[in-house]
Every structure is written in C-alpha cells, then in structure tokens.
Ligand SMILES: [Zn+2]
C-alpha cells in the first residue's frame, strides 16, 4: 500500500502543538504522513475511502526508546551461579560480562529478534541500541542491522567499547559500521560510537573513540555514573568525577548520550548543561539494579534534554514512562511532581533526540513527518482533549493494548498480528540457542 487512509479514530498528533482530533484520519503516502484531520474532510479532499479503520482506537506517533540492549534476551529466566550479586559491580561481573562473552553470531541475531518483536507489539518504532558481544564483535552490528531491517523498525546502533577483555576492543567495529552507513545510508539505520562506561576505558581508548566519532560527525553513547564504581574509579585514577573526566576528554556534547547519570554532583550537573549533552533515564533498570534515583527533575530544571530508555529490560515505553512518573513522586515524597515531566521525557524529548539522528521527522503526526504510528485500543471513558491528554496517557493509554504498528508507512502489525517476523519461530529458535549458551556461560 503506497497510499492509504487511516480513519475513524482519535488522532493525537503530539509535536509542538499537540492536537486531539476526534473521528480523525491520517493519509499515508510513500512512507510519510501526507495529511491529517477529520475523517470526513480527508475522504472528501483526497477521494479515498478509509482502508485502515481505527474506530474505537487512538492513533499516536510510534514510541521511541532512547536506550536499549537487544543482546540481553537470553538473560531471561537465567540464574547465574553463585550467591546473589549485591553491588552493581557484582551484577556486571557475575551476569552481564559473562553473558555478553558467551554470545555467538547466531545468538546475537536471535537475541535481537525477540525484543524487536516486543518493540512492534508495544508500538515502539525507533530504538537507540547499545551492543556488546566480545566473542562475536567484528560484524556484529551488521547482524543486528539485518535483524532491524527485517523487523521494519528504525534503530541507532553502536558497539560498546571497553578495555575489560582487550584494550580498545570495539573501536574498529563502530568505525566499520559508520563507514558502511556513510557508503549506503538508510532512513532506518543510524550509527554512534558506543562506549561501555568511564570505569572500563583508559584515556587512550577514549581518545580513539572520540576520533572515530569526530571523523563521522556522530556522538558517543555511554553509561555514566550508574553505580558508585564509576566516580570512585574516575576520582582514584584521574582526580575528577566521571562527567568531568568525560567532558574534558571530549566525550559529550549535543550528539552524545550520557545514560543514567545517577551518582552525579552539582558540578557534574552543570557540566552536562554547559556541554549540551543529552541524558537518558532508565527508571525500571535503576530500580532493578538498586543503584539509586537519577536527579532527572533537577536536570530538566537546568534545561538539560533528558530522554527515556529501558536499558534492555523491556520494550514497552508507556510502562517505562509510568515507572518514571511513580519513581520521582515517591523519591521526592511530592505528588505535585513528574506529571508533566515523565510523559515529556517519552513523548517530546525522545522525539527531539531521534530527530537529531534520523533523516526523517519522527515523534509527530504532521504533514511530511514519517508515517511511524502506534494505534492503541483506547476509548476514553471521560472527555479527552489536548488540555487533559496527559491524564489519559498516564492513567489510561499506558495500559491500552497496541493493535497496529506502522513504520515508514509499512504495517508491521495489524489487529495484533505481526506481518514481518514470526514470533513462534523466533521464540523456538532462541530457546534452543539459549539452552546451549547457558551451558557455555
Ligand atoms: Zn544500558
């Protein structure tokens, strides 16, 4: 379908001037939104019947996840040997750094397909991923890119550089993938320079990462101040806290993503603002690892752009938004906060971030924007308008099943049936591979 009309639904445009159009329609043409407005008006204006009926449903721009780990799939249901990890360092050493080392090329592909399916099922149409698989490093981003293209969503990919196995490992993989994208650009793919975290890279490795990022005109995607290990290491080795070290080494700025930023002090907060660096908040993961609460409200108050991610735990972005909403109200013991901020991270700030990276306009239903849409089974039980949309989003749409997911005009799921990937086959494939991988762990 090159040109079709979605109609009879409630259309929520988001964007700078959010509009809620009851009995609304969206005209999709060559992968983009060609018109938006009342259904009767669009039918008349374009002489087209409604071919995708959204009656009883709400149409939103597809959701964006600003930090994901597609490789984490096979941790599900797995209990690492030994006593439960207590510190954040133990969580990394006993689970994640052993799991990523055990991944084969086939595991990388299968691990990616599972959360890609989850993305489609949850209306998540763009993700910014951070990958690690030391035993299958070179070419791993191509394997993931292939899975992403097969799924039909959009993804920014990078390989997390770390010195923990081999010094500087992964720099070349980022460079290679960025060269590939420069030679054959795709509106569905983007690349960054991934870095694991300050405490697993030397200054020499950071300098190499910076050089690759500058050469390609992209930013770095790095975990920052997630556990106390990060600033303790930075202070001991370099005499600065994490953010100061990274900013001084030129890792930061408008194109870069600092993930988490939990253990940061006032000066680091100021450095993030001054350098124009974006922060990505992952509340579920932070609660799961018991690492603390990121000062998101203070960062927003300073004017820092803060987005929302899942850190690989899930692909359901409205659920992540609600987690942020609840966490910051509880942490501040103040029921006046986070009502605007939590949805803003997801619905507006993630769009700003993605729009810096992708060549198409994302996160809004407007003429010329990409036709990336999530159609939810949501019928408002009370009046719904632009002025009270946030209340409906936080307390209603958050639990509404996603019925249809569209990316670049291509329907990836309709009536809850996937069109590009076979969930049963993928799950069977992954179960078999995971059983083998757990033995190697
Ligand atoms: Zn992460």
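Just so you know, all these numbers are worked out from the coordinates, no wet-lab data involved. The model shown is predicted, which means the values in this text are computed figures rather than measured ones. Neighbour counts run over all protein chains shown; Cβ positions are idealised from the backbone, glycine included.
Sort 298-311, 28-41 by packing, meaning the average of other beta carbons within 10 Å per residue, with the highest value first.
Descending mean neighbour count gives 298-311, 28-41.
Kirkwood Rh over alpha-carbon pairs of region 63-357, then Stokes-Einstein at 20 °C and 1.002 mPa s: what D in µm² s⁻¹, rounded to an integer?
This corresponds to a translational diffusion coefficient of 114 µm²/s.
What spacing in nm lies between the two simple spin-label points modelled at residue 87 and residue 166, each 7 Å away from Cα in the Cβ direction?
Here the modelled spin labels are 2.9 nm apart.
Quote to one decimal, in nm, the extra length available between residue 228 and residue 183 on full extension: 0.36 nm per residue of separation minus the C-alpha distance between them. Please list the in-between numbers first.
Values: separation 45, 0.36 × 45 = 16.20 nm, distance 4.07 nm.
Extra length available between residue 228 and residue 183 comes to 12.1 nm.
Cα axis of helix 317-332 to longest principal axis of the chain: angle in degrees, 0 to 90, nearest 10?
It works out to around 60 degrees.
Between 186, 104, 162, which gets the highest mean-square fluctuation from a Gaussian network model of the chain, Cα cutoff 10 Å?
186
Once label points are set 7 Å from the Cα along Cα→Cβ at both residue 428 and residue 298, what is their separation, rounded to one decimal in nm?
The two pseudo-label positions are separated by 5.3 nm.
Going by how many other Cβ atoms sit within 10 Å of their own, how do 275, 151, 294, 315 line up, fewest first? Write out the running numbers ahead of the final one.
Values: 275 18, 151 22, 294 28, 315 25.
Ranking 275, 151, 294, 315 by Cβ neighbours within 10 Å, fewest first, gives 275, 151, 315, 294.
Mind checking the full-extension length gain between residue 274 and residue 330? Use 0.36 nm per residue of separation minus the Cα-Cα distance, one decimal, nm. It would help to have the intermediate numbers written out before the result.
Values: separation 56, 0.36 × 56 = 20.16 nm, distance 2.91 nm.
Contour length minus the Cα-Cα distance gives 17.2 nm.
I want to verify a result. In a Gaussian network model of the chain, Cα cutoff 10 Å, which of these has the top mean-square fluctuation: 253, 82, 408?
Between 253, 82, 408, it is 82 that shows the largest mean-square fluctuation.
When 238, 159, 325 are ordered from fewest to most other Cβ atoms inside 10 Å of their Cβ, what list results?
Fewest-to-most ranking of 238, 159, 325: 238, 325, 159.
Suppose each label sits 7 Å from its Cα in the direction of the beta carbon; what would the residue 142-residue 340 distance come out to in nanometres?
According to this spin-label approximation, the distance is 4.9 nm.
Tilt of helix 140-151 relative to the longest C-alpha principal axis of the chain, in degrees (0 to 90, nearest 10)?
With rounding to tens, the tilt is 10 degrees.
Please work out the Cα center distance from region 102-127 to region 54-84, rounded to the nearest Å.
First find each Cα centre; the distance between them is then 9 Å.
Within region 63-357, what percent of beta bridges assigned by DSSP are antiparallel, to the nearest 5? Write out the running numbers ahead of the final one.
Details: 1 of 28 bridges.
Given both bridge residues lie in region 63-357, the antiparallel proportion sits at roughly 5 percent.
Taking 8 Å as the Cα distance limit and 6 or more residues as the minimum spacing, I'd like the relative contact order of the chain as a percentage. Numbers along the way, then the final one.
Working: 959 pairs, mean separation 91.0, N = 441.
It comes to 21 percent, rounded to a whole number.
For the chain, set up a GNM with springs between Cα atoms under 10 Å and report which of 61, 295, 185 has the largest fluctuation.
Looking only at 61, 295, 185, the biggest GNM fluctuation is shown by 185.
Among 382, 126, which comes first, then next, by fewest other beta-carbon atoms within 10 Å? Could the numbers behind the result be given before it?
Values: 382 8, 126 30.
Least to most surrounded, the residues fall as 382, 126.
Want the number for residue 440 to residue 51: 0.36 nm per residue separation, take away the alpha-carbon distance, what's left?
Numbers: separation 389, 0.36 × 389 = 140.04 nm, distance 5.03 nm.
Taking residue 440 through residue 51 to full extension adds about 135.0 nm, to one decimal.
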